[in-house]
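Structure record follows, encoded as structure tokens.
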Amino acid sequence: ERKGVDLAIRAFQQAEHSSQSLLLLAGLHSESVRSQVRQAADSRIISIDRYLSQSEFESALNAVDLVATPYRNFNGSASIVIHAASVARPTLGSDMGWMGHVIPQFGLGSVCDVHDAPKFAAALSAALDSAASFELSDAATQFLRFTGRDNIRAHWTALLRERLELPPHPALLNWPDDLRLKSGLGSAGS
């Protein structure tokens with residue numbers, strides 16, 4: 001529930017979209033979500049109720065047109081947003097916290113008030129309709145460079161390298177200095 005799966009199920013069932021649209025729930029479910037899936041008895045809901053291997057996770061991301069991240073009252077970063085962008089999938093996320101800021105700022109998809117069921121359902125319909133034409137913006141590409149593994153490793157080792165009097169790792173990108181972002185997108189912080 002903390003990731004808003006129950007909200008996503010309700011929004012999917014209320015949304016106006018093609019009868020061929022499917023909802024993939026991939027990952028270990030809580031008992032409450034299992035019950036909700038059973039009660040929904042909707043053949044358009046595909047439930048993979050277990051932990052996924054990295055390969056399965058990547059396959060799931062590549063199989064969908066849209067990634068929904070309706071996390072409840074969550075302010076921290078969510079790697080699923082980064083993973084979705086890395087395979088050029090738009091994200092429909094909560095309009096609060098890190099997701100509420102990052103998703104629209106970098107053109108990674110759209111956000112909405114996931115606690116308002118009619119608004120979430122309408123946003124889901126709109127996001128599904130536009131998913132096929134989604135393309136990564138320049139800002140999204142720069143965001144992916146900054147959040148990429150090489151840069152993360154370079155940041156993790158920066159202090160150690162400094163103490164060993166080594167030069168910074170060659171993959172180190174500082175925000176926003178090393179990223180040429182347009183019109184104020186560099187103000188996301190460091």
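The values are calculated or read from the model by the stated rules, or taken from the named source; none is laboratory data. None of the values given here were measured: they were computed from a predicted structure. Reconstructed Cβ throughout: ideal geometry from the backbone, glycine too, with neighbour counts over all protein chains shown. Remember, those area values only see protein heavy atoms, side chains included, never the ligands or the DNA or RNA. Shrake-Rupley method; radii C 1.70, N 1.55, O 1.52, S 1.80 Å.
Return the inverse of the average 1/r over all pairs of distinct C-alpha atoms in the chain, which is the Kirkwood hydrodynamic radius, in Å to one decimal. The partial results should precede the final answer.
Numbers: mean 1/r = 0.0558 Å⁻¹.
Computed over the chain, the radius equals 17.9 Å.
Would you tell me the accessible area of L24, worked out with a 1.4 angstrom probe on the heavy atoms of the protein chains, in Å² to the nearest 10?
Using a 1.4 Å probe on the heavy atoms, I get roughly 60 Å².
Carbon and sulfur atoms: what percent of the 1.4 Å accessible area of the chain do they account for?
For the chain, the apolar C and S fraction of the accessible surface comes to 51 percent.
R0 = 30 Å: FRET efficiency of S55 with D150, Cβ-based, nearest 0.05?
Result of the calculation: an efficiency of 0.90.
Given H placed on each backbone N at 1.01 Å, which residues far from T69 in sequence or on other chains put an amide H within less than 5 Å of it?
Result for T69 returns L92, G93, S94.
Between A88 and H101, what length comes free when the chain is fully extended (0.36 nm per residue of separation minus the Cα-Cα distance, one decimal in nm)?
Going from the current span to full extension adds 2.8 nm.
Can you give the extra length, in nm with one decimal, that the chain gains between E135 and S32 once fully stretched, where that is 0.36 nm per residue apart less the Cα-Cα distance?
Working: separation 103, 0.36 × 103 = 37.08 nm, distance 3.54 nm.
My answer for the length gained is 33.5 nm.
At 0.36 nm per residue, minus the direct Cα-Cα distance, what do A158 and S43 gain on full extension? Give it in nm, one decimal, please.
Once the chain is fully extended between A158 and S43, it gains 36.4 nm.
With a 1.4 Å probe and all protein chains kept in place, how do D116, D150, D129 rank by accessible area, largest first?
So, going from the largest accessible area down, we get D129, D150, D116.
Rounded to the nearest 10 degrees, what's the angle between the helix 31-40 long axis and the longest principal axis of the chain, both from Cα atoms, 0 to 90?
50 degrees
Can you list the HN-Hα couplings for the range 81-88, worked out from phi with the Karplus curve (6.51, -1.76, 1.60; θ = phi - 60°), rounded to whole Hz and with x for Gly and Pro?
5, 5, 4, 4, 5, 5, 10, 6
As a test of reading the structure, rank L28, L61 by solvent-accessible area (1.4 Å probe, protein chains only), most first.
L28, L61
Label the range 1-89 by shape, choosing from rounded, prolate and oblate, from the square roots a ≥ b ≥ c of the eigenvalues of the Cα gyration tensor; if a/c is under 1.5 it is rounded, and otherwise prolate applies when a/b is larger than b/c, oblate when it is not.
Rounded, because the longest to shortest axis ratio a/c is under 1.5.
Would you mind checking which residues have amide H under 5 Å from L173's amide H? H placed 1.01 Å from N; only 5 or more apart, or other chain.
none
Tell me, what is the per residue accessible area of the range 1-94 in Å², probe radius 1.4 Å?
54 Å²
Just to verify a number: what accessible area does V102 come out at with the full protein assembly present, 1.4 Å probe, Å² rounded to tens?
Taking all protein chains as shown, V102 has close to 10 Å².
Could you check the simple spin-label distance between E16 and A63, using points 7 Å along Cα→Cβ, in nm with one decimal?
Once both label points are built, they end up 3.0 nm from each other.
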